[in-house]
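Report on the structure given below.
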Amino acid sequence: MVLNIFVLLISFLLMEGVAWACHKYLMHGPLWYLHEDHHRPEFRHHLQKNDLFFVIFSLPAMILIFIGVRYFPLCLWAGAGITLYGAAYFLVHESIIHGRFRLFPKSSHPYVKAIRKAHGVHHAVRGREGAESFGMLFVHPKYFREAWRRGRGI
C-alpha cells in the first residue's frame, strides 16, 4: 500500500514537469493553433480549442489505469496520479485562476495570489513567443515573495 501511494504521489508531482514542458515546448510551439484561443481574452469563458488538452492528457492516464487493472497494478496508481493532477489542474487553473467555473470565492491566500500573478504574467504576452511562467502548481518563488509582501502591506 505504501508503494501504491508513493507511485501516485510521484506521478502527480512528475505531471507538473510534464505539463510545464508540454506547455512551453508544444503548446507554445507546434500545437499553438490549439492553445492560441486560451491567450485571447474574448474566449476565456467559452469552450476553447485549448480544452482539447484535457482529452490529450487524459489518454495516458486511461491507458495506465487499464494496464493497471488488467496486468500491472502499479500502473493503476500512476494513472491515478495523472488523473489527480488533472483534477488539480481543473480546480486551480479553470476555477481559481480563470474563474471559468466559479467553485471557489476569491482568495487572498499568498499561494493563490502567487499563482494568479504568475499566470497573469504568462498571459500578458498574447503571442506564442516571449511568454514566461509555464507552470501551474509550482511557480517561481519571486511570485510568492511578491504575494507575501502585498499581503502584509509592504
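Which condition from (1) under 23 Å from Phe53 (Cβ atoms); (2) in contact (Cβ under 8 Å) with a residue 12 or more places away in the chain is the one that Ala147 breaks?
(1) is the only condition that Ala147 fails.
Based on what the data block shows, is Ile82 out of contact with any helix residue (DSSP H, G or I) (no Cβ under 6 Å at 6 or more places or on another chain), assigned to a helix (DSSP H, G or I) and not small (Gly, Ala, Ser)?
In short, no.
Answer yes or no: is there a residue in region 89-99 that is at pLDDT below 80, under 18 Å from the mean Cα position of the chain (by Cα), farther than 16 Å from Leu13 by Cβ and in a loop (DSSP other than H, G, I, E, B).
yes
Six or more apart or on different chains, Cβ under 8 Å: which pairs go from a residue in region 106-130 that's without any contact (Cβ under 8 Å) to a residue 60 or more places away in the chain to one that's outside any helix (DSSP H, G or I) and among the charged types (D, E, K, R)? Could you list them?
Final answer for the pair search is Val121/Glu132; His122/Glu132.
Take the conditions surrounded by 15 or more Cβ atoms within 10 Å (Cβ to Cβ), farther than 19 Å from His28 by Cβ and modelled with pLDDT under 80 and apply them to Ala147. Does it pass?
yes
The values are calculated or read from the model by the stated rules, or taken from the named source; none is laboratory data. All figures in this text were calculated on a predicted structure; none of them were measured in a lab. When we count neighbours, we look across all protein chains shown, and the Cβ atoms used for this are built from the backbone with ideal geometry, even at glycine.
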